[in-house]
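Read through the structure below, which is laid out as C-alpha cells, and then see the notes.
We did not get these values from a lab; they are worked out from the coordinates using the rules stated. Predicted model only: the values in this text are computed from it and were never measured. Glycine also receives a Cβ, built like all others from the backbone with ideal geometry; neighbour counts cover every protein chain displayed.
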Amino acid sequence: TAKQCGRNGYSIYDTSMRQRAERALTIQRGLLTAIEDGSLSLHFQSKYDARTGAIVGAEALARWTHPELGAVPPMEFIAVAERSGQIGRIGEWVIREACRQIEDWRERGLPPIRIAINLSPLQLNQPGLVDTAARIVAEAGSDPSLIMFEVTESMAMENAERTTLMLQNFRTRGFEFAIDDFGTGYSSLAYLQKFQVRQLKIDRFFIQALDEGGTEARAIIAAIIELAHTLAMEVVAEGVETATQAELLRTLGCDQVQGYYLSLPMPPDEFERRCLLGAPVSLPL
Ligand code: C2E
Ligand code: MG
Ligand code: MG
Ligand code: MG
C-alpha cells in the first residue's frame, strides 16, 4: 500500500507525488519563456453550420511543446499557469495571437470568420480583463465582433451576478460570448437568460452518449436546444465524432457542429488550406 516504504525510504505514493510536483515545476519554469521562445502556439478547429456544412467559425486551442516533456496538454499547462500566477500573461498572449492571425488572414484577403478564445476561471476573475482584451484587440486593429470568448458553465455560474455585469461590459465593447461545456454544471435558468450570450455549447459527454442507444441523451440534447432557442441563443454541439451523431444533431435542430468527425484542431497554415479555402464539409443528409 501507499503507506509501505520502498527501498530508498520513499513510499510509492510519495514518489509519484514527487514526480508530479517535479513535472509541475518543470512546466512552470518552461512557461516563463514559452512566449519568447515561440514554443506556444494556437491550433484552430472549425465550427460548421449543421445544415449546410459551411464553416462559421473556429475555436483557438493553445498548444505547447516543452523541449524535454514534449507536447503538454492545455488542461495541464493552463492549470500550472493559474497556480503560478502566469495565466494573465499567457491569456493575453492567446488574445494577441488570435488577433494577429485574424489580421493576417484579412490582409491576405481570406474570408473573415469568428474566432473563439477560451478564458480560464482565474482570467475571468481578473478585474481588468475587459479593458485588457479591448486594448489588445484595438492595438491589433481587429474587429471585436470577430472574437467570441468561451467560458464554461461552472465558471459563469460560480458568481453569476458578477458574470452578468462582466458580460454586459464585454457586450458594450462589441465582443461575443459562448457558454462552454454546458450541461455538466448547475445552471440557474434566470441567470442564463440574463447573461445574453450568443452561443451555448453542449458538452461532448452528451454527444458521445448519443451512440450508446442514447434515448436519454437525445432527450436531454433536445431539451437544451429548445431552451437555447427560447433564449435566442445558437446551439453548438462539441465533440462530434461520428456521422450518426452529426445527423441526429441536425435533425434535433442543433445550429452548429464541431468535432473530430468534421475537422481536427490544426495549425494555422493547414487550417487555412483545408478549412478557410476548402469546400464545405459534406454532412450526412
Ligand atoms: P474546451 O474549450 O472544451 O475545448 C474542446 C476540447 O475538446 C479541445 O481539447 C479539443 O481538441 C477537444 N475536441 C475537439 N473535438 C473533439 C472530439 O470530437 N472528440 C474529443 N474527444 N475531443 C474533441 P484541448 O485542445 O486538449 O483543450 C482542452 C481544454 O483546455 C479546452 O476545453 C479548454 O478548456 C482548455 N484550453 C485550450 N486552449 C486554451 C486557451 O487558450 N486558454 C484557456 N484558458 N484554456 C484553454
Ligand atoms: Mg472551448
Ligand atoms: Mg468545451
Ligand atoms: Mg472542456
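List of remarks:
- GluC sites (Glu not before Pro) within the stretch 165-228, DSSP loop, no more than 12 other Cβ atoms inside 10 Å: Glu212
- FRET efficiency, Ala54 to Arg96 (Cβ-Cβ, R0 35 Å, nearest 0.05): 0.80
- Based on C-alpha pairs under 8 angstrom that are at least 6 apart in sequence, the stretch 94-222 has a relative contact order of 20 percent.
- MRE, 222 nm, helices only [DSSP H, n ≥ 4, -39500 (n - 2.57), over the chain, to nearest 500]: -14000 deg cm²/dmol
- From the alpha carbon centroid of the stretch 217-263 to that of the stretch 70-131 is 26 Å.
- Electrostatic tally near Leu146: other residues with Cβ closer than 11 Å to its Cβ, Lys and Arg +1, Asp and Glu -1, net -1.
- Gained length - Asp269 relative to Thr251, 0.36 nm times residue gap less alpha-carbon distance: 3.2 nm
- Net charge contributed by nearby residues that have their C-beta within less than 11 Å of Asp104 (K/R +1, D/E -1): -2
- Order of Tyr48, Tyr191, Tyr261, Tyr186 under a 10 Å beta carbon neighbour criterion, fewest first: Tyr186, Tyr191, Tyr261, Tyr48
- On full extension, the segment bounded by Glu158 and Ser84 gains 24.4 nm, given 0.36 nm per residue less the C-alpha separation.
- The alpha carbon gyration tensor of the stretch 167-281 gives principal lengths a ≥ b ≥ c with a/c of 1.5 or higher and a/b no greater than b/c, which makes the shape oblate.
- Where both bridge residues fall in the chain, DSSP classifies roughly 40% of the beta bridges as antiparallel.
- Sequence ranges 75-85, 50-60, ranked by mean other-Cβ count within 10 angstrom, highest first: 50-60, 75-85
- Net charge contributed by nearby residues that have their C-beta within less than 12 Å of Arg20 (K/R +1, D/E -1): -1
- Gyration tensor (alpha-carbon) shape descriptor, the stretch 171-224, a/c threshold 1.5: prolate
- Counting only DSSP beta bridges whose two residues both lie in the stretch 47-169, roughly 40 percent are antiparallel.
- Prolate/oblate/rounded label for the stretch 43-172 (Cα gyration tensor, a/c 1.5): rounded
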